[in-house]
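A short worksheet on the structure shown next.
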Amino acid sequence: MTYSQTIDYLYHAAPMFSNIGAGAYKEGLATTLALDKHFGHPHRRYRTIHVAGTNGKGSVSSTLAAILQAAGLRVGLYTSPHFVDFRERIRVNGVMIPEKRVTDFVESERHFFEPLAPSFFELTTALAFLYFAEQQVDVAVVEVGLGGRLDCTNIITPDLAVITNISFDHQQFLGDTLPQIAAEKAGIIKPGIPVVIGETNGHADVRDVFVSAFERANSSFSTSHSGHPQSSAVTSKEHDAEVLSLHFADEENFEHVDFELKGDYQRANEATILCALAELCRQPYYAAKLNDEAITQGFAHVIELTGLRGRWQLLRTEPSVVCDAGHNVAGLEYVAAQLKREATRLQEQGRGCLRIVFGMVGDKDYIRAAELLTAIGSNTRFYITQPSCARALDNKVLATEFAKQSAEVHTYASVDNAVKSALLDASLYDFIFVGGSCYVVADLFA
C-alpha cells in the first residue's frame, strides 16, 4: 500500500468524526484496551501528561510539549484533529510520524484490528502510543479527543492531568449542562495524580464537580502512595491537610510571559500552562529540567517547536490575513471581541475594512455565531462558505442567518473561492479573517 492508499483505507475502514459525526464515536474502552494489550501496553514505557477541556487543548498541549522540548526532553505530542496531513496528529519533538510507519502499521496489524472494528480515533491512538514507545520518548503530551471519561486516551496514568475549561460543545455526547460536561471531562482525574483546572468562569457548580471528582478519586488514597508532594492549593472539606494537588489556574496569579500565540483566549491558556508548570516543578523529575530559559523558549517558539497552526495565525500582511480554528460559541466570543478591536482600529485610521470568511459544521450554534459576528460593526463584509467535509453546514443556511442581521453577505461554495474573492476585494489596509471551523482552516491550508 502507498501512503495515500493507507490513509484512504483508514478514513473508510474506520470513519472519521469530521465526516460522519456521531457514527464515528465509540463509547467505552473495550476496543482500546484490546489494542493496548496487543501492543504490549506501550504507554507504560514513558511518562505522560493528559490534557482535556472544551477549548484550548491544542494550544496548551503544544506549548507544554514545546517547553519540555526546550528543556532537553524527547517529547511525543498527540493532538487532533489534523488540518492537512494525518501525520500532524503524531509528532516527536515536532517532527511528524513518517509515512512509512503509518503504512507499515496498517499493513502488519490490520489482520488483528479489523475484527475489532475500531473507530478511527481508537486506531490512531494505538498507533501514537506505540510509535512514542518505539521512539523512546521521555514524556508524551496527550490531548483528549472528546470528553474524557470514555475517551480512548484515558487508559494512561499521567504525571499530571490538565482540564482547560468547560463550555458547550458536543452536547449529544457529553450532556446538556455545564456540570454534566464537566463530569465527563473530570473522568481523566485519577487517584494520586495532581490536577490543574484552567477556568471555571465563575460557575460554582462546575468547580464543585471537579472538587468532588478529585475527592472521590483520592478518598482512600494516602499522599504517601502518590510520589507527589502535598499541596494546599485546594482544601478538601473531608481531607484538609491530606488533600493532594488540585489547582484552579484562574484563582492564582501569574506574571505575563512573551507568548507566541496572540489570540485573546491565549491569556487563559497561558495561566493554565503556567499553573501546570508550577505543579510539574514540584515533581523531582521535571524540577531538575524545567528552568526559566526552557519555559521562555517554549512559550516564544511553540509554532516552530511543535508545528502548531491555526490559532490566530497571521498568514500575510497588506492586506492582513488571519485564521483561527475556534468553532463553538465560547471560542467565537473571544474571536468576535478581537475582531471588533480590529474593526475599531480600521475605523479610527479612516481606511480599510474587516472582511470575514466564515463557515461552520452543522452541529454548532450557527445562529449565535451570526449574532456575535454581525454585532462587530457596519464596516464589515462577510464571505460565507462551507468546509469540504460531510458535516459542513450549508452555506445558504448560514448566509440566511447573517442576512437576518442586515449584514453585507456574499456566498461561496468553497473556502478557496471565498478567500480569493476577499483578497480581490481588499485594499492593502483591510483585515481578512478566515475561520468558524477547524475544517475551514484545513481547507485554507490545503
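The values are calculated or read from the model by the stated rules, or taken from the named source; none is laboratory data. Fair warning: this is a prediction, and the values are worked out from it, not measured in the lab. FYI the Cβ positions are ideal-geometry reconstructions off the backbone, even for glycines, and counts take in every protein chain you see. Areas reflect the complete protein model, heavy atoms only, side chains present, ligands, DNA and RNA absent. Shrake-Rupley method; radii C 1.70, N 1.55, O 1.52, S 1.80 Å.
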Completion exercise
With criteria (1) open to solvent by less than 30 Å² (accessible area, probe 1.4 Å); (2) under 27 Å from Cys438 (Cα atoms); (3) modelled with pLDDT of 95 or more, Tyr46 comes up short on (2)
Practice task
State whether one or more residues within region 421-431 are open to solvent by less than 20 Å² (accessible area, probe 1.4 Å), among the charged types (D, E, K, R) and either modelled with pLDDT of 95 or more or over 18 Å from Val329 (Cα atoms) (or both).
Solution key: yes
Handout entry: Filter result for His247 (in a strand (DSSP E or B) and modelled with pLDDT of 90 or more)
Key = yes
Completion exercise
The residue that is surrounded by the fewest Cβ atoms within 10 Å (Cβ to Cβ), considering only those in region 110-157 that are in contact with a strand residue (DSSP E or B) (Cβ under 6 Å, 6 or more places away or on another chain), at pLDDT 95 or above and within 16 Å of Lys57 (Cα to Cα), is Glu143
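If you scan region 357-376, which residues turn out to be among the acidic types (Asp, Glu) and under 22 Å from Thr344 (Cβ atoms)?
Initial filter on region 357-376 (among the acidic types (Asp, Glu)): 363, 365, 371.
Across region 357-376, the qualifying residue is only Glu371.
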Exercise for the section: With the condition kept exactly as written, say whether any residue in region 369-379 is assigned to a helix (DSSP H, G or I), open to solvent by 20 Å² or more (accessible area, probe 1.4 Å), in contact (Cβ under 8 Å) with a residue 40 or more places away in the chain and of a type in the set (A, V, I, L, M, F, W, C). Expected result: yes
Exercise for the section: Evaluate the following for Phe121: is it touching a helix residue (DSSP H, G or I) at 6+ places or on another chain (Cβ under 8 Å) and in a loop (DSSP other than H, G, I, E, B)? Expected result: no
Exercise for the section: Hey, can you tell me all the residues within region 380-400 that are part of a strand (DSSP E or B) and more than 25 Å from the chain's Cα centre (by Cα)? Expected result: Thr380, Arg381, Phe382, Tyr383
Practice task
Go over the candidates Ala403, Ala413, Ala407 one by one and state the one that is open to solvent by 10 Å² or more (accessible area, probe 1.4 Å), modelled with pLDDT of 95 or more, more than 26 Å from the chain's Cα centre (by Cα) and aliphatic (A, V, I, L, M).
Solution key: Ala413
Problem - Test: residue in region 92-108 that is open to solvent by less than 10 Å² (accessible area, probe 1.4 Å) and closer than 23 Å to Glu199 by Cβ - result: no
Practice task
Any residue in region 2-24 that's over 16 Å from Leu127 (Cβ atoms) and open to solvent by less than 50 Å² (accessible area, probe 1.4 Å): show its pairings with residues that are modelled with pLDDT under 70 and β-branched (Val, Ile, Thr) at Cβ separation under 9 Å, as long as the two are six or more apart or on different chains.
Solution key: none
Practice task
Would you check if Leu346 is farther than 26 Å from Gly58 by Cβ, open to solvent by less than 30 Å² (accessible area, probe 1.4 Å) and either part of a strand (DSSP E or B) or touching a residue at least 24 places away in the same chain (Cβ under 8 Å) (or both)?
Solution key: yes
Exercise for the section: For region 354-373, state whether one or more residues are more than 22 Å from Ser421 (Cβ to Cβ) and aromatic (Phe, Trp, Tyr). Expected result: no
Problem - Top-ranked residue of region 54-91 - restricted to ones that are touching a residue at least 40 places away in the same chain (Cβ under 8 Å) and among the charged types (D, E, K, R), ranked as surrounded by the most Cβ atoms within 10 Å (Cβ to Cβ) - result: Arg91
Problem - Residue check for Ala65: modelled with pLDDT of 95 or more, over 27 Å from Cys438 (Cα atoms) and assigned to a helix (DSSP H, G or I) - result: no
